[in-house]
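S.K.: Below you'll find the structure I mean.
The values are calculated or read from the model by the stated rules, or taken from the named source; none is laboratory data. Here the structure is a predicted model, which means the values were calculated and not measured. Note that we place each Cβ from the backbone using ideal geometry, even for glycine, and neighbour counts take in every protein chain shown.
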Amino acid sequence: MSQDRSRPKPRSSLSIAIIATAAGWDDSLPDATALCRRAGRAALRGELGPGRHALTVVLSDDAELRSLNRDWRAKDKPTNVLSFPNGEETPDGVVLLGDIILGFETVLRESHEQGKTLADHLAHLVVHGALHVAGYDHETDEEAEVMEGRERVVLAGMGIADPYAEATGGRAGIGP
C-alpha cells in the first residue's frame, strides 16, 4: 500500500478587523461585528491564495461615505458601501486585501425600502465589498453576472435569500 507523500497544501488564513465609527450600528444590530466577520469569511472562502491575509471593515455613517464617495468617485452623495482594494504585503508577509466601508443611514434605509432585515442587507454588502477587494467588479454586464452569481451562492450558504430577486427591483441597491 503506498502512502501519499505529497506536500501539505499551503494554508490560507484571514483576519478581519471591524472598526465601528458610528453608534447606530450597535444600537440597531448588536451582532454587526460577528455578522461582518462571517460574511467576509464566506465571501473570500476559496478566493484567496496561500498565506496570511487581512481585511478591514469599517461600520461608519453617511457623512463619511459621502466624503469618501466625493473624494474618490466624484459623486457628492452618500452610498451604502465602498471598497478600497489594496493587495500590498506587509514586511511580515500579510497581504492587506483592502477596506470595506459601510454607511449606516443608507444601509438602514435601503433595508427598509427593500423589505430586508438590516442583518441580511449588511451581510450582502459585506459580501459585495469583499468580492470587490478579491478582484470582482460589475462595470460590464458580463462582470455583473459573474459577481452577482457569486454573491448569490455565498449568501445562500449563509441562509440569506437572493438579494437580486425581482422583488428588490434588480440591482439590490448596490452603489449609487
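S.K.: Go through the stretch 74-118 and give me each residue that's assigned to a helix (DSSP H, G or I), touching a residue at least 12 places away in the same chain (Cβ under 8 Å) and within 18 Å of the chain's Cα centre (by Cα).
M.R.: Phe104, Glu105, Thr106, Val107, Leu108, Glu110, Leu118
S.K.: Tell me, which residue of the stretch 44-63 that is more than 25 Å from Val94 (Cβ to Cβ) and under 18 Å from the mean Cα position of the chain (by Cα) is surrounded by the most Cβ atoms within 10 Å (Cβ to Cβ)?
M.R.: The extreme case among them is Asp62.
S.K.: Pull up the stretch 85-105, narrow it to residues that are of a type in the set (Gly, Ala, Ser) and more than 19 Å from Arg11 (Cα to Cα), then point me to the one that is surrounded by the fewest Cβ atoms within 10 Å (Cβ to Cβ).
M.R.: Here the answer is Gly98.
S.K.: How many residues are part of a helix (DSSP H, G or I) and surrounded by fewer than 24 Cβ atoms within 10 Å (Cβ to Cβ) if we restrict to the stretch 132-145?
M.R.: Residues flagged as part of a helix (DSSP H, G or I) and surrounded by fewer than 24 Cβ atoms within 10 Å (Cβ to Cβ) within the stretch 132-145 amount to 6.
S.K.: Taking Ala156, is it aliphatic (A, V, I, L, M), more than 22 Å from Asp99 (Cα to Cα) and at pLDDT 95 or above?
M.R.: So Ala156 fits the description; yes.
S.K.: Residue under question is Ser13, and the condition is that it be among the hydroxyl-bearing types (Ser, Thr, Tyr), loosely packed, with under 15 Cβ neighbours inside 10 Å and in contact (Cβ under 8 Å) with a residue 24 or more places away in the chain; does it hold?
M.R.: yes
S.K.: Is one or more of the residues making up the stretch 139-153 under 20 Å from Ala54 (Cβ atoms) and at pLDDT 95 or above?
M.R.: no
S.K.: If you take the residues in the stretch 52-73 that are in contact (Cβ under 8 Å) with a residue 12 or more places away in the chain and small (Gly, Ala, Ser), which one is nearest to Ser13 (Cα to Cα)?
M.R.: Here the answer is Ala54.
S.K.: To continue, here is another question. Scan the stretch 156-165 residue by residue and report those that are touching a residue at least 60 places away in the same chain (Cβ under 8 Å) and either part of a helix (DSSP H, G or I) or farther than 26 Å from Ser12 by Cα (or both).
M.R.: Gly157
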